[in-house]
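One structure is given here, and the rest of the page talks about it.
The values are calculated or read from the model by the stated rules, or taken from the named source; none is laboratory data. As the structure is a computational prediction, the values presented were derived from the model and not from experiment. Positions of Cβ are generated from backbone atoms using ideal geometry, with glycine treated the same way; all protein chains shown enter the neighbour counts.
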Ligand code: IVH
């Protein structure tokens, strides 16, 4: 049996190691060991404490898991009030602040500490003899709520200070935030569990911190940033400058913003502000401005306070990124690819530095998830250059006549059917060939190299043709003449002539290119080839239903549905009919070409041997297809074998082929040869 002293020593050592790793991980954001290694040490501590519960100490890292719920938070009076800051919204106000400071101090230049203004919750932490004893919210500045149990769960708050301060009582002030990444993860988890989605990291942090059940807080990742000390400064002026206070906090293993700076004069303040504003989106946490504090503590003392705010500091705020306004209507915008996006029409609101009247609602599910109704008061967010979005509704302000949103089942632009494919969030217009919203995209795709390969018909020219209303659908391309084209910008007689020739030439195509050119969603070149070789004729393909289409190798339910939806749409069928009327044509794929025919089929006269398992077809199917293209399939490899087709787990035929030096094809190579033939 180990003596209790030995156990205590081991416990102490484990706690010290874990606390140090917590510091590297949560404060320095630079872990030095693997998670698994950490877990092992942590488990050893837990097990030992379980065996010797009387040796558990309040500063043990195991004691951050929360405690049974409280009925209410106790009120706690702050020993020194937690004041707020005056705000500045413009450069002029900052210049005026600096002038006031200089005049009051009667100096030419002032050094300032510049810090990010965290968008979180101010808290006070009280340490006695180096141990965290109490933590409180700011409350009204004089009295806050005792949230000690919740604060103890935050890993970046030391439960015990590494160096016991000279004063027995020591207060640290700072902000509890939820890092952006932790916020995203929390919301994902909440959504999976069907629970409340938080509007922003600040709300999530507030919601998590003000839990009566600290075990819930323990499941939320919160981070504490220290920016000041309370009591110590008032009673014992150990420091000459604010920057020294911050350095001391860092030495006591608090997390301190890396962006903190010391600069001189108003111009430098403004430069810092613009720099911080520019890097705002790259910071791991949300900030809503920059705080300027006179760095010299004696100067701070001289400046003193006015009503509830210090005269030595000011918050230079960024334009608010969120504001509330009325959702007047939800309109549908149709994008280049046919996506129907619900867009909020809003009562004008000033947010993110501009007046916003429209904001995206993303898609149907998002509206559902956020339970947004037309007529609601909503929160609009505009962060930097990001498109404004509606982040939430305020249900308490919902008028009696608020209306639910219903996604239309027809395209508001062209009246083609709009569908939502299984597993997709977006509803799309199916009238790809006809819809004005998709016109440019459809024409560009139609003319592209792998589709109809119309040389010289680039994006700029398509823009002109569409904007001048010369072309509405791909079928209109075949009506263009040299005279019309020569009048366009950057076109001359010769280039117009070349284009007409290219358009004319494109009429002789292949079925697979034509199918690809239609721009059916999810139908790329390979799928188009598979469709062409299986259906053989366009008419057959156009009549196939999703379940039949799914019989084709590599065509799943989503692709099949997309193809069916496309051909069902009458607008598309019209355009296809017009294209064919204009003379588009392709060689018919002989439905069952015989091996004996002298048709010039690439496999005629060739002998194949199949071995191993193929992934897209059975061997029987492969045999049929080879035979359709004029080849012969035999059972054993000999010197007259032209090719051995090898699937997975091939047998001795493969070895034999290599011995005899007979060319070996894998499945892809066989398919590509077959497809070449069917073009
Ligand atoms: S110093 C005497 N520094 O801003 C003023 N406050 O309006 C003590 N805040 O309640 C505050 N970041 O929640 C200070 N770097 C920072 C800050 C900061 C955010 C918040 C804090 C405070 C409010 C003041």
Item to check | Given (1) surrounded by fewer than 20 Cβ atoms within 10 Å (Cβ to Cβ); (2) modelled with pLDDT under 95; (3) assigned to a helix (DSSP H, G or I), number of the condition residue 554 does not satisfy | outcome: (3)
Checklist outcome for this item: In segment 499-513, anything farther than 20 Å from residue 580 by Cβ and crowded, with 16+ Cβ neighbours inside 10 Å is listed as 499
Next on the checklist: For segment 307-335, which positions are without any contact (Cβ under 8 Å) to a residue 12 or more places away in the chain and on the phi < 0 side of the Ramachandran plot?
Outcome noted: 333
Item to check | Odd one out for residue 270, checked against (1) surrounded by 14 or more Cβ atoms within 10 Å (Cβ to Cβ); (2) modelled with pLDDT under 95; (3) more than 16 Å from the ligand (Cβ to nearest atom); (4) not in a strand (DSSP E or B) | outcome: (2)
Checklist entry - Does residue 631 satisfy being surrounded by 15 or more Cβ atoms within 10 Å (Cβ to Cβ) and at pLDDT below 85? => result yes
Item to check | Index of the failed condition, residue 118 passing every other in (1) closer than 26 Å to residue 248 by Cβ; (2) modelled with pLDDT under 95; (3) within 14 Å of the ligand (Cβ to nearest atom) | outcome: (2)
Item to check | Test for residue 177: is it within 22 Å of residue 24 (Cα to Cα), within 12 Å of the ligand (Cβ to nearest atom) and in contact with a strand residue (DSSP E or B) (Cβ under 7 Å, 6 or more places away or on another chain) | outcome: yes
Next on the checklist: Suppose we filter segment 613-622 for residues that are within 13 Å of residue 649 (Cβ to Cβ) and crowded, with 18+ Cβ neighbours inside 10 Å; how many remain?
Outcome noted: 1
Item to check | Odd one out for residue 472 among (1) surrounded by 13 or more Cβ atoms within 10 Å (Cβ to Cβ); (2) under 27 Å from residue 408 (Cα atoms); (3) in contact (Cβ under 8 Å) with a residue 40 or more places away in the chain | outcome: (3)
Checklist entry - Which strands (runs of 3 or more DSSP E) does segment 607-657 wholly contain that include 1 or more residues that are more than 49 Å from the chain's Cα centre (by Cα)? => result 607-611, 632-634
Item to check | Selection count, segment 122-133, where residues are within 16 Å of the ligand (Cβ to nearest atom) and either more than 17 Å from residue 165 (Cβ to Cβ) or at pLDDT below 95 (or both) | outcome: 2
Next on the checklist: I'd like to know if segment 337-349 contains one or more residues that are assigned to a loop (DSSP other than H, G, I, E, B) and within 16 Å of the ligand (Cβ to nearest atom).
Outcome noted: no
Checklist outcome for this item: Of the residues in segment 64-107, those that are within 16 Å of the ligand (Cβ to nearest atom) and part of a helix (DSSP H, G or I) come to 93, 94, 97, 101
Checklist outcome for this item: Within segment 277-310, the residues that are more than 10 Å from the ligand (Cβ to nearest atom) and not in a helix (DSSP H, G or I) are 283, 284, 285, 286, 294, 295, 296, 304, 306, 307
Checklist entry - With respect to residue 136, is the statement that it is in contact (Cβ under 8 Å) with a residue 12 or more places away in the chain and either away from the ligand (no atom under 16 Å from the Cβ) or farther than 21 Å from residue 229 by Cβ (or both) true? => result no
Item to check | The lone exception for residue 175 - which of (1) in contact (Cβ under 8 Å) with a residue 24 or more places away in the chain; (2) part of a helix (DSSP H, G or I) it fails | outcome: (2)
Next on the checklist: If residue 249 satisfies all but one of (1) in contact with a helix residue (DSSP H, G or I) (Cβ under 6 Å, 6 or more places away or on another chain); (2) assigned to a helix (DSSP H, G or I); (3) within 15 Å of the ligand (Cβ to nearest atom), what's the number of the condition it fails?
Outcome noted: (1)
Item to check | Which numbered condition residue 42 misses (of (1) assigned to a loop (DSSP other than H, G, I, E, B); (2) surrounded by 15 or more Cβ atoms within 10 Å (Cβ to Cβ)) | outcome: (1)
Checklist outcome for this item: Just one listed residue, out of 91, 119, is surrounded by fewer than 16 Cβ atoms within 10 Å (Cβ to Cβ) and closer than 30 Å to residue 281 by Cα, and it is 91
Checklist entry - If you go through segment 205-224 one residue at a time, do you hit one that is buried (at least 23 other Cβ atoms within 10 Å of the Cβ), within 25 Å of residue 242 (Cα to Cα) and either within 16 Å of the ligand (Cβ to nearest atom) or touching a residue at least 12 places away in the same chain (Cβ under 8 Å) (or both)? => result yes
Next on the checklist: Can you confirm whether residue 145 is more than 25 Å from residue 284 (Cβ to Cβ), within 16 Å of the ligand (Cβ to nearest atom) and in contact with a strand residue (DSSP E or B) (Cβ under 8 Å, 6 or more places away or on another chain)?
Outcome noted: yes
Checklist entry - Looking at this structure, is residue 182 surrounded by 19 or more Cβ atoms within 10 Å (Cβ to Cβ) and touching a residue at least 24 places away in the same chain (Cβ under 8 Å)? => result yes
Next on the checklist: Restricting to segment 350-374, name every residue that is in a loop (DSSP other than H, G, I, E, B) and either free of Cβ contacts under 8 Å to residues at least 24 places away in the same chain or under 26 Å from residue 420 (Cα atoms) (or both).
Outcome noted: 361, 362, 363, 371, 372, 373
Next on the checklist: Which of the strands (runs of 3 or more DSSP E) found entirely inside segment 377-453 contain at least 1 residues meeting this: free of Cβ contacts under 8 Å to residues at least 40 places away in the same chain?
Outcome noted: 389-393
Checklist entry - So residue 376 fits all but one of (1) at pLDDT below 95; (2) over 30 Å from residue 430 (Cα atoms); what number is the exception? => result (1)
Checklist entry - Out of (1) surrounded by 16 or more Cβ atoms within 10 Å (Cβ to Cβ); (2) touching a residue at least 60 places away in the same chain (Cβ under 8 Å), what's the single condition that is false for residue 479? => result (1)
Next on the checklist: Condition first: part of a strand (DSSP E or B), within 22 Å of residue 391 (Cα to Cα) and within 16 Å of the ligand (Cβ to nearest atom). Now tell me which residues in segment 311-336 satisfy that.
Outcome noted: 317
Next on the checklist: Can you list residue pairs whose Cβ atoms sit under 7 Å apart, with the first residue in segment 89-104 being within 13 Å of residue 315 (Cβ to Cβ) and the second being in a helix (DSSP H, G or I)? Count only pairs 6 or more apart in sequence or on different chains.
Outcome noted: 94/266; 94/269; 94/270
